[in-house]
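Quick notes on the structure that follows.
The values are calculated or read from the model by the stated rules, or taken from the named source; none is laboratory data. All of these numbers come straight from a predicted model, not from anything done at the bench. Cβ atoms come from the backbone with ideal geometry, glycine included; neighbour counts cover every protein chain shown. For accessibility, only protein heavy atoms count, side chains too; no ligands or nucleic acids. Shrake-Rupley method; radii C 1.70, N 1.55, O 1.52, S 1.80 Å.
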Amino acid sequence: MSLVARNALRAVRRPACQVRSYTSTSARASYAAERQAIEHHAFETTDLWRKISYFVCFPAIAVCVAWVYNSEIEHKHHLDHLRAENDGRLPEIPAYEYMNRRGKPYPWGMNSLFFNPEVNKDMSQE
């Protein structure tokens, strides 16, 4: 029997309208109820985390910003006081042998990449 004849015979034996139903209506209702419960839980959880963000995280960030700002202002006043005592310059940092060790210069010079002349010792002058 050829392939075409076999497939034609199978098509004739097969009913014209075949309805496949893998789930019953009670299973569909159960699935729909479960999905609705999951969506309700997701909405409640999202609302909870939104409230936590607005009423806990944002105020905590504001408090931390205020604390850091105040400590930086105190540090600036301390440095200004040291400059006033030393004729407008910061006192010389002690030259301990374990500080600012350079085995060889960086490609851009002896100072680090984040060199700030107001707070760091200039290593190119040594």
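For Ile61, indicate whether it is part of a helix (DSSP H, G or I) and surrounded by 10 or more Cβ atoms within 10 Å (Cβ to Cβ). Steps first, please.
Values: part of a helix (DSSP H, G or I): yes; surrounded by 10 or more Cβ atoms within 10 Å (Cβ to Cβ): yes.
Taking the combined requirement at face value, the residue satisfies it.
For Leu90, state whether it is in contact with a Pro (Cβ under 8 Å, 6 or more places away or on another chain), under 30 Å from Ser124 (Cβ atoms) and surrounded by 10 or more Cβ atoms within 10 Å (Cβ to Cβ). Criteria not met by Leu90. Beta carbons closer than 9 Å, at least 6 apart along the sequence or on distinct chains, pair a first residue in the range 99-112 that is assigned to a loop (DSSP other than H, G, I, E, B) with a second that is among the β-branched types (Val, Ile, Thr) and open to solvent by less than 90 Å² (accessible area, probe 1.4 Å) for Met99/Ile93; Asn100/Ile93.
Can you confirm whether Tyr31 is surrounded by 10 or more Cβ atoms within 10 Å (Cβ to Cβ), closer than 30 Å to Met123 by Cα and among the aromatic types (Phe, Trp, Tyr)? So Tyr31 fails the test.
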